[in-house]
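Please read the structure below before turning to the comments.
The values are calculated or read from the model by the stated rules, or taken from the named source; none is laboratory data. Given the structure is predicted, the values throughout are model-derived calculations rather than measurements. In this analysis, Cβ positions are derived from the backbone assuming ideal geometry, glycine residues included, and neighbour counts consider all displayed protein chains. We work out accessible area using only protein heavy atoms, side chains counted, and drop any ligands, DNA or RNA first. Shrake-Rupley method; radii C 1.70, N 1.55, O 1.52, S 1.80 Å.
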Amino acid sequence: MHELSVTESILTIVLKHAQTNRAEKVLAINLKIGELSELVSECIQHYFDYLSKGTIAEGAVIDVERSPIIFQCNDCEHSFEVSLKDTRDFACPRCGGVKVSLISGREFYIKDITIS
Amino acid sequence: MADIRLIEIKEDILSDNKDLADQIRNTLFAHKVFMLNLMASPGGGKTSLIVNTIRNMKDSFRIGVIEGDIDSVVDAEKVVQEGIPAVQLKTGGFCHLDATMIKMALDEMDLKNLDLVVIENIGNLVCPAEFDTGAHKKAMILSVPEGDDKPLKYPLIFTVCDVLIVNKIDYLGIADFDMDAFKKRVYKLNPSIKIIDVSCKTGEGIEKWTRWLADEINAYLHTAAS
């Protein structure tokens, strides 16, 4: 639902880096977004097309790489992946511990851009 | 045609918001003001909890409220009736409050004469969870009629909050709400979260909540003073 303000931030950051690297055009943008972030990739592209009109980033293709939800067990330090639908009930597959820390799944950054 | 180059960025999409949120925390620290970000669904009881909090705490702390709403001032009016300064932010459709909006609201407030600012975020369990507002602690309300399955449907907000207020416990007898299963789900997502059961209607548990908040404020003021 908040894709518009997020997309504004993406455009600002992309244009900043494109200018620093004296780009003529931004061709592609790779985002890394964790599975726990409730963002709809299609909306980001849609808003981006609208916001980037008239800038050197107009027409850039956005690709979203989703990073998995990974927990680490606080007892035995074993790391394990949990799918979004399984976040309802899970335990450490090694020791059965239920006290865990989230180590991946909340990422929210621009990985790289392709420019010419 | 010019060469095609791949530029590594690895920059957080919300870094501007985070930077501004840090600036807000610095300003608040300089004025010795503690800020709480309160989030919940529409109808979860945010305004009722704030009104109860004001009644219990206004003799010990100078309180101000930032009200976020898509388009109305009804909540701010309720707060002002309690004799507390309130700033209403009308987001005009935006689903969350971010650091830029909070800074605008704080600029309108007399920070020198406040100890506690409570942000009443937009009623929504999804978007507000993503944005750092500059608050020191994040609180959320889940009310009994909403159902015990909410940690399964909106996991993020349960992972980012420091405290969870389970409101409307006066409904427990009539609602199909399994408190044990609910808390188990919450602790699984966030083992260190503090859970406090309240009923804003009967007043049950409110004192436990305000004691938690007062302890947090005092600990913060203690660091700010030293």
Among (1) within 14 Å of another protein chain (Cβ to nearest Cβ); (2) within 20 Å of the chain's Cα centre (by Cα), there is one condition B:E216 misses while meeting the rest; what is its number? (1)
Which of the following residues is under 22 Å from A:F48 (Cβ atoms) and either surrounded by fewer than 20 Cβ atoms within 10 Å (Cβ to Cβ) or touching an Asp or Glu at 6+ places or on another chain (Cβ under 9 Å) (or both): B:I4, B:I50, B:I13? B:I4
Go through segment B:191-212 and count every residue that is modelled with pLDDT under 95 and open to solvent by less than 80 Å² (accessible area, probe 1.4 Å). 1
Which one is farthest from B:P145 (Cα to Cα) among residues in segment B:179-207 that are under 20 Å from the mean Cα position of the chain (by Cα) and among the acidic types (D, E)? B:E207
Could you please tell me which pairs satisfy a Cβ distance under 6 Å, a separation of 6+ or placement on different chains, a first residue in segment B:200-216 that is at positive phi, and a second residue that is open to solvent by 20 Å² or more (accessible area, probe 1.4 Å)? B:G205/B:D197
May I ask you to list the residues in segment B:113-140 that are in a strand (DSSP E or B) and touching a Phe, Trp or Tyr at 6+ places or on another chain (Cβ under 6 Å)? B:L116
Would you be able to tell me the number of residues in segment B:116-159 that are away from chain A (no Cβ under 12 Å), open to solvent by less than 20 Å² (accessible area, probe 1.4 Å) and over 17 Å from B:G43 (Cα atoms)? 6
Considering only segment B:75-112, state which residues are over 22 Å from B:F61 (Cβ atoms), in a helix (DSSP H, G or I) and open to solvent by less than 70 Å² (accessible area, probe 1.4 Å). B:A99, B:M101
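Conditions tested, residue by residue: (1) within 24 Å of B:V126 (Cα to Cα); (2) within 12 Å of chain B (Cβ to nearest Cβ); (3) not in a helix (DSSP H, G or I).
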| residue | (1), (2), (3) |
| --- | --- |
| A:R66 | yes, no, yes |
| A:C76 | no, no, yes |
| A:D86 | yes, yes, no |
| A:A91 | no, yes, yes |
| A:G96 | no, no, yes |
| A:L102 | yes, yes, yes |
| A:I110 | yes, yes, yes |
Looking at (1) modelled with pLDDT under 95; (2) out of contact with any strand residue (DSSP E or B) (no Cβ under 8 Å at 6 or more places or on another chain); (3) open to solvent by 50 Å² or more (accessible area, probe 1.4 Å), find the lone condition where B:F29 falls short. (1)
Would you confirm, using the coordinates I've provided, whether B:L164 is more than 14 Å from chain A (Cβ to nearest Cβ), free of Cβ contacts under 8 Å to residues at least 40 places away in the same chain, open to solvent by less than 10 Å² (accessible area, probe 1.4 Å) and hydrophobic (A, V, I, L, M, F, W, C)? yes
Evaluate the following for B:L221: is it more than 13 Å from chain A (Cβ to nearest Cβ), outside any loop (DSSP other than H, G, I, E, B) and open to solvent by less than 10 Å² (accessible area, probe 1.4 Å)? no
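This table checks each residue for (1) more than 30 Å from B:R185 (Cα to Cα); (2) at pLDDT 90 or above.
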| position | (1), (2) |
| --- | --- |
| A:E35 | no, no |
| A:F48 | yes, yes |
| A:E65 | no, yes |
| A:C73 | no, yes |
| A:S83 | no, no |
| A:V98 | no, no |
